[in-house]
Amino acid sequence: MSEPVNRARQTLNGAPADLLVERIADVLARSYGIDDTELLQVDYRLAELLPLHGDEPVTGPGHPAWRCFDHQEPVLSGVTGYLPVTMRGERRGVLRVAPVPDDHAVLEDLAQIATALAHELAAVSAGTDVYRSARRSRRLTLAAEMQWELLPGRSRTRPAFRLAGQLEPAYAVRGDSFDWSDDGNRLWLATINGMGEGVAASMLTALATSALRNARRAGLSLADQASLADQAIYDLHRGSQHVAALLMELDLASGMMTVVDAGSPRLLRLREGEVTEQPLEDQFPLGMFEATDYRPQRFPLRRGDRLFVVSDGVVDATAQDVPYGVSALERFLRRTGPMDPLDAVRSVLGDLRAYVAGDLIDDAVVVCLDWTGPQP
């Protein structure tokens with residue numbers, strides 16, 4: 001590790017939560033003569049890169065900042081450098097710096113500093129609103145604020161898998177959500193849709209998410225996780241409210257997938273260029289009846305398989321009274337094979353917005369999971 005990188009990390013560790021970029025700018029000025037440093041955060045919709053300090057947003061897909069964000073590699077445009085601000089696959093944005101010497105070693109140092117900034121942003125985000133406020137291009141609804149606070153992130157990368165998800169309409173989503181966790185041996189993934197509208201739907205989804213996390217962290221099986229969440233919702237609403245959920249547990253060594261389908265969205269598999277819908281055993285949504293006994297089902301994945309979890313809000317989105325439909329979805333999913341999961345999710349929802357010619361009316365969630373197989 002070079003001395004400037006080490007100094008930058010130490011500076012970040014001791015910087016006030018709201019002044020991370022300012023402190024890192026001081027280090028870059030002293031070490032490399034860089035006098036322009038700005039953090040461009042990707043917005044909730046994955047459509048704009050928003051400067052922390054209020055300059056014009058970057059929206060054009062051909063812009064060097066977007067090339068950096070999309071390809072997750074440093075980009076040098078003239079004397080301006082763009083560096084991915086990413087932590088364990090979670091893309092937070094891009095660090096823009098200038099002037100950058102035409103020196104590969106310096107660019108490598110700057111990339112390491114941008115990664116260190118991503119880690120520190122994750123560490124301080126719970127204690128300051130500075131970065132959350134700056135990455136929204138419009139005001140979130142209260143229901144959407146609640147939903148985004150529930151999420152574990154939007155993308156995750158480990159040697160055995162790659163994972164991404166997105167909610168739409170990003171600034172006004174209500175009951176659709178997702179959750180995930182892994183321990184190095186297993187990956188747990190849940191997609192959740194609380195019935196109802198607005199804050200009521202968000203509160204129901206929050207209860208289901210917390211109940212599932214509580215059961216998962218207690219070491220319960222997937223079926224028992226569903227049962228605990230089912231009982232928590234039923235105890236409160238006595239069957240008048242319920243949650244559709246798909247619970248998944250992937251063994252990262254063998255590729256064996258365990259699933260509990262509780263009134264879930266669709267599960268589609270992309271394998272060798274072909275899309276097929278995975279048959280699931282329909283079971284009651286969480287909270288519909290008292291003491292429902294949930295049954296898991298299992299099926300194996302092959303190395304290189306890609307799974308999409310898609311809510312009804314995707315398939316049922318309409319333009320001129322014509323739904324988007326499963327056939328159009330499957331055709332588009334075939335095109336996502338070369339894409340990173342986050343780019344695949346963005347592309348699916350972007351195609352959907354183009355189809356309806358604007359923002360979605362109903363909630364939609366898309367989650368993409370690649371199993372790359374056991375790694376050394």
Farthest towards the positive end of the dipole of the chain, among Val21, Ala201, Ala134 and with Cβ unit charges of +1 on Lys and Arg and -1 on Asp and Glu, lies the Cα of Val21
Among Gln166, Phe178, Gly219, the residue whose Cα sits farthest towards the positive end of the charge dipole of region 149-228 (+1 at Cβ of Lys and Arg, -1 at Cβ of Asp and Glu, taken about the Cα centre) is Gly219
Zone reached by a paramagnetic label modelled 7 Å from Ser254 Cα along Cα→Cβ, restricted to region 350-376 with backbone N below 18 Å, covers 371-375
In whole µm²/s, the translational diffusion coefficient that Stokes-Einstein assigns to region 142-371, given a Kirkwood hydrodynamic radius over C-alpha pairs, 10 °C and 1.306 mPa s, equals 91
Once Arg7 and Ala319 are pulled to full extension, the length gained, defined as 0.36 nm per residue separation minus their Cα-Cα distance, is 106.9 nm
Semi-axes a, b, c in Å (a largest) for region 304-348, each sqrt of 5 times a Cα gyration tensor eigenvalue, come to 21, 10, 9
Taking R0 as 22 Å and r as the Cβ-Cβ distance between Arg217 and Ala126, the FRET efficiency 1/(1 + (r/R0)^6), rounded to the nearest 0.05, comes to 0.75
Computed Rg/Rh for region 3-134 (Cα atoms; Rh = Kirkwood radius) stands at 0.93
For Arg186, the residues 5 or more places away or on another chain with a placed amide H closer than 5 Å to its own amide H are Leu252
If every Lys and Arg gets +1 and every Asp and Glu gets -1 at its Cβ, then about the Cα centre region 1-107 yields a dipole, in debye to the nearest 20, of 380
With R₀ set to 30 angstrom, the calculated FRET efficiency between the beta-carbons of Arg331 and His71, to the nearest 0.05, is 0.75
For Val366, the residues 5 or more places away or on another chain with a placed amide H closer than 5 Å to its own amide H are Gln166
With +1 at each Lys and Arg Cβ and -1 at each Asp and Glu Cβ, the charge dipole magnitude of the chain around its Cα centre, to the nearest 20 debye, comes out at 480
Over region 204-285, the quotient of the Cα radius of gyration and 2.2 N^0.38 Å is 1.21
Over the chain, the sum of -39500 (n - 2.57) across DSSP H runs of at least four, divided by residue number and rounded to 500 deg cm²/dmol, gives at 222 nm -11000 deg cm²/dmol
With +1 at each Lys and Arg Cβ and -1 at each Asp and Glu Cβ, the charge dipole magnitude of region 303-376 around its Cα centre, to the nearest 20 debye, comes out at 380
Region 159-227 and region 343-357 have their Cα centres apart by a whole-number Å value of 22
Both in Å, the radius of gyration and Dmax of the C-alpha trace of region 48-203 are 17.3, 56
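All of the numbers you see were taken from the coordinates with simple rules; none came from a lab. Bear in mind that the values here come from a model prediction, so they are computed numbers and not experimental data. With ideal geometry, Cβ positions are generated from the backbone for all residues, glycine too; neighbour counts draw on all protein chains shown.
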